[in-house]
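The values are calculated or read from the model by the stated rules, or taken from the named source; none is laboratory data. None of these values were measured; they are calculated from a predicted model. Here Cβ is always computed from backbone atoms with ideal geometry, including for glycine, and neighbour counts include all displayed protein chains. Heavy atoms of the whole protein, side chains included, go into the accessibility calculation; ligands, DNA and RNA do not. Shrake-Rupley method; radii C 1.70, N 1.55, O 1.52, S 1.80 Å.
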Amino acid sequence: SSFSFPLLIAIAFFLIPIFWFKPGEMDLGGDSSRLYFYDPINYLSQSLYSISYGAFGIENASYYASIPFFLLLILFKSILRSPTLLIVIFHGFSLSIAFLSCYLIIKDLLHQEADKGRFGKNIIEASAILAGVFYNLSPVPILNWDHILLTGNVFFLNPLMFFLLLRFFLSGNMSYMLGILLISFIFAPNFSFAGAPPFFSFYPVIVPFLILYTKFVANKPIPVRKIIVSAVLFFLIHAFQLGPQIVGLLTPGNIIHTAVFSQQAIVDRGLSYFTAVAPSIKTSLNLLILQQQIKLNWYAFLFIVFPLLLVLGFTWNKKKGYLLSGVFFLIILFLASANITKV
């Protein structure tokens, strides 16, 4: 079947992390350590304290959110025994799921627009495979923002959740939404205070896109009632971790309240960090290229082909799906390259 080749690529991605470590080695991370792969039981017991261990005794704002994920790691660690094997399988799972999700997303989106003949189907298949491979192998998603993409698990969660939401909007099948709710429960930290920055840079963009796509491109009704029921179920499922954080948000002096409402905290923890890394997101230097590798090479000018293809692609295709994708691409490009400074 046509799915055999993508499946083989997904298996290849799953096997890649095996070659990252020697027996007994682990990737424990830097600023955001991954000691939970080494000893998830002790890490869970530590995370249940509202005040984290250490010289400063910083309040752990989202300690409840970690419980489902750590319990799952404890289960797999009890089976696999080796922390090296656990982290290898987890990263392999992340790569393969990210590839398959991107592949299925592009296949779904192009299927609505492209010619349904044999040539059109081959183009869709090739485009979907290339998109998945590019997403996994491109250096752009992990340049400078690697702590967010890798340790926050959104490297595979974002495409996976987008695919499930796309299928839910197009089919109205609640099975997809139940899958979304289950995944959101397991990876509850991504829907907690700790996951706030990437959460609000992703979902507020893709939900309007999916609504417009369903209504004006796929010409299907928006499942409003099912969305409302799903939202209620989401808050009920996540009440165990959202409740304490909402209380913290409303309590002066709490770390969450300070982070959201204190001007000094916003400057110290937000803009000061952003200013330090701002050069890395300059569009003219980083659009689809690895700047530090090509800036000294004679062939750097050849990379003009990427923005040229983008412009020609959106100009050539007049269909609504491409137009909608182009508009959202430009919006995201603007947001990703916004020059936020002290001025």
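Of everything in region 166-181, what is part of a helix (DSSP H, G or I), touching a helix residue (DSSP H, G or I) at 6+ places or on another chain (Cβ under 9 Å) and open to solvent by 20 Å² or more (accessible area, probe 1.4 Å)? Give them in sequence order.
Arg167, Met174, Ser175, Tyr176, Leu178, Gly179, listed by residue number.
From Phe199, Phe155, grab the single residue that is aromatic (Phe, Trp, Tyr), free of Cβ contacts under 8 Å to residues at least 40 places away in the same chain and within 20 Å of Phe329 (Cα to Cα).
Within the list Phe199, Phe155, the selection yields Phe199.
List the pairs whose first member sits in region 234-263 and is closer than 16 Å to Pro189 by Cα, whose second member is open to solvent by 70 Å² or more (accessible area, probe 1.4 Å) and modelled with pLDDT of 85 or more, and whose Cβ atoms are under 9 Å apart, counting only residues at least 6 apart or on separate chains?
Listed pairs, sorted by first residue: Ile237/Leu182; Ile237/Phe185; His238/Phe185; Leu242/Phe235.
When only residues in region 66-83 that are of a type in the set (S, T, N, Q) and over 24 Å from the mean Cα position of the chain (by Cα) count, which is most open to solvent (accessible area, probe 1.4 Å)?
Checked region 66-83; the qualifying residue most open to solvent (accessible area, probe 1.4 Å) is Ser78.
Okay, residues lined up against (1) modelled with pLDDT of 75 or more; (2) within 23 Å of Met161 (Cα to Cα); (3) out of contact with any helix residue (DSSP H, G or I) (no Cβ under 7 Å at 6 or more places or on another chain):
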site	(1), (2), (3)
Tyr36	yes, no, no
Leu44	yes, no, no
Tyr53	no, no, no
Phe70	yes, yes, no
Ile74	yes, no, no
Leu80	yes, no, no
Pro83	yes, no, no
Tyr103	yes, yes, no
Leu109	yes, yes, no
